[in-house]
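The values are calculated or read from the model by the stated rules, or taken from the named source; none is laboratory data. Being a predicted model, the structure only gives us computed values, none of them experimental. For neighbour counting, all protein chains shown are included, and Cβ atoms are generated from backbone atoms with ideal geometry for every residue, glycine included. Remember, those area values only see protein heavy atoms, side chains included, never the ligands or the DNA or RNA. Shrake-Rupley method; radii C 1.70, N 1.55, O 1.52, S 1.80 Å.
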Amino acid sequence: MSLSRREWMTAAAGVPLMLSACGRGRGDGNAIDMWAMGAEAEKLPDLLAGLARTGQPAVRVQPLPWSAAHEKLLTSFAGNSLPDVGQIGNSWLSELAAIGAILPVPAAMTSLVDGQFEGVVDTNRIGNRLMGLPWYVDTRLQFYRKDLFADAGYNAPPERWDAWKAALHKVKRTKRDGYAVLIPINEYEHLTTMALSAGATLLNSEGTRGAFNSPAFREALSFYKSLYAEGLAPIAGAAQISNVWNEFARGYFAIYPSGPWTIGDMKTRLPADLQDSWATAPFPGPDGPGRSTPGGSSLVVFSRAKDPAAAWLLVGQLLAPATQARLQVLTGSLPPTRSVWASAKLLDDPITDAFARQLDRTTALPKVPEWERIVTEMQTVAELFVRGRTSIDEAVRDMDRRADRLLEKRRWMISRDRAA
């Protein structure tokens, strides 16, 4: 799972701190233990204090740093020390479900995803079972400089790839230096977004083989490289841009693809005279509005929970519309349920409304535990292609070869099931 700047800052804060909520101390053996990360963990005690939980077990919250949470979950499963309830990054769900660490959502609670964004909900379905309930949602889109696009003759970035690229060329010509868009060469999310927009499946239908040698992925990879080859994006990793806010403010690039965690940074890190000069827009695609990946975190109940019924009751309380709205106020996170977007007036704000439109156009990534390793290999090969060290035929074959190697055990397991 990729980490936002805010999450890394939280991770750097240091050792997890045990907190107690709802009146009982750590010695309460009936307390519900809950692990959470980031700003949500920080604000959970405030959120819990607002819930009516009289007569129910106390909730004992342990914040985890995002950077260590994945390993902590796996080692705790092995050591039989997982808590009762947890906040889980959506991209970890398939792995935790595969090892039997989390319980399926009870049938009586599946209606909680009614009215949510389908791409995010689909991420929570593993093997046709709902394994988690979205707690907050995010996705990536374009943060762009309205003034630079206006200088080039545009009110907003176009929605088709060809028109979008033509606009980027015009934006670049109006500037003295710099580029039109920042797409760090070491971040796989951008190529993945383009691939989903082109309709690529990335893996085959059973998730046992790479599908990078498909016409759709080739189209996306070619378009991705063209942005660098035509001088619209710098061939640079994220670490080579010392301060993206300073560079965005001085117009070194006009588009910065990122997620909702960037909203606060834009408001606090850009100078006051630029606050009316930035906006958000969904990604473009080959033939119209593009797609993005569904992100965010879900709430799960772990398979060794002391009292699953009490744990699911807590999850349900945390997902009540009023509680979702309260979490949005406390953290700025985007709620999973559309009706909460309306009541919180997020659809009236053009900055967040663009996220709603992008969330309506998200596609779940392959739900195999090996996915994060596969996509890292994909990006390694893509960088070699962008730098001109391989042809597109060599690149897609290499991606498939690397993916197939990582999926070898998965194919073996499936073949044994079929043989049985």
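The largest accessible area among SER343, SER214, SER391, SER298 belongs to the first residue in SER343, SER391, SER214, SER298, and the rest follow in falling order (1.4 Å probe, all chains). Heavy atoms of the protein chains alone define the surface here; on that basis segment 90-243 has 39 Å² accessible area per residue at 1.4 Å probe size.
Normalising the Debye intensity of the chain to I(0), with uniform scatterers on Cα atoms only, and taking log10 at q = 0.06, 0.10 Å⁻¹ returns -0.26, -0.72.
Once neighbouring chains are kept in place and the probe is 1.4 Å, which whole percent of the accessible area of the chain is contributed by carbon and sulfur? Carbon plus sulfur share of accessible area: 50 percent.
In this view, the solvent-accessible surface of ASP151, computed with a 1.4 Å probe and all protein chains in place, comes to about 110 Å². Spacing of the modelled spin labels on ASP404 and SER303, each 7 Å from Cα toward Cβ, amounts to 3.2 nm. Each of the peptides 82-92, 120-130 was scored by the mean count of other Cβ atoms within 10 Å over its residues; in descending order, highest first, they stand as 82-92, 120-130. Taking every protein chain into account, the accessible area of segment 316-386 amounts to 39 square angstrom per residue (probe 1.4 Å).
In this view, the solvent-accessible surface of ARG269, computed with a 1.4 Å probe and all protein chains in place, comes to about 110 Å². Each 5 Å bin from zero up to the one holding the largest Cα-Cα distance in segment 353-420 carries the following percent of pairs: 3, 14, 17, 15, 14, 14, 11, 7, 3, 1, 0.
Ranked from the most accessible area to the least, with a 1.4 Å probe and all protein chains present, what is the order of ARG304, ARG416?
Correct descending sequence by accessible area is ARG416, ARG304.
The gain in end-to-end length when the MET413 to ASN213 segment is fully stretched comes to 69.6 nm, 0.36 nm per residue minus the alpha carbon separation.
Rounded, prolate or oblate: which fits segment 95-229 when a ≥ b ≥ c are the square roots of the eigenvalues of the alpha-carbon gyration tensor, with rounded for a/c under 1.5 and prolate only if a/b beats b/c? Prolate is the answer for segment 95-229, as a/c is 1.5 or above and a/b outweighs b/c. Per-residue ellipticity at 222 nm from helix content only, as computed over the chain with -39500 (n - 2.57) for each DSSP H run of at least four residues, stands at -13000 deg cm²/dmol. How much accessible surface does ASP360 have with a 1.4 Å probe, in Å² rounded to 10? Answer for ASP360: close to 80 Å² accessible.
From the protein chains alone at 1.4 Å, what is the descending order of accessible area for TYR179, TYR228, largest first?
Per-residue accessible area, sorted high to low, gives TYR179, TYR228.
Using the Cβ atoms and a cut-off under 14 Å, what net charge is assigned to the surroundings of LYS146, where Lys and Arg are +1 and Asp and Glu are -1?
Here the count lands on -3.
Our summary gives the chain a relative contact order of 24 percent, counting only alpha carbon pairs under 8 angstrom and 6 or more residues apart. Helix 66-78 and the longest principal axis of the C-alpha atoms of the chain enclose an angle of approximately 40°. Expressed as an acute angle from 0 to 90° and rounded to the nearest 10, what is the orientation of the C-alpha long axis of helix 408-419 relative to the principal long axis of the chain? Computed tilt is about 60 degrees.
If you take every residue apart from GLU408 with its C-beta less than 15 Å away from the C-beta of GLU408, what net charge results, scoring Lys and Arg +1 and Asp and Glu -1? Taking every Cβ under 15 Å from that of GLU408, the sum is +4.
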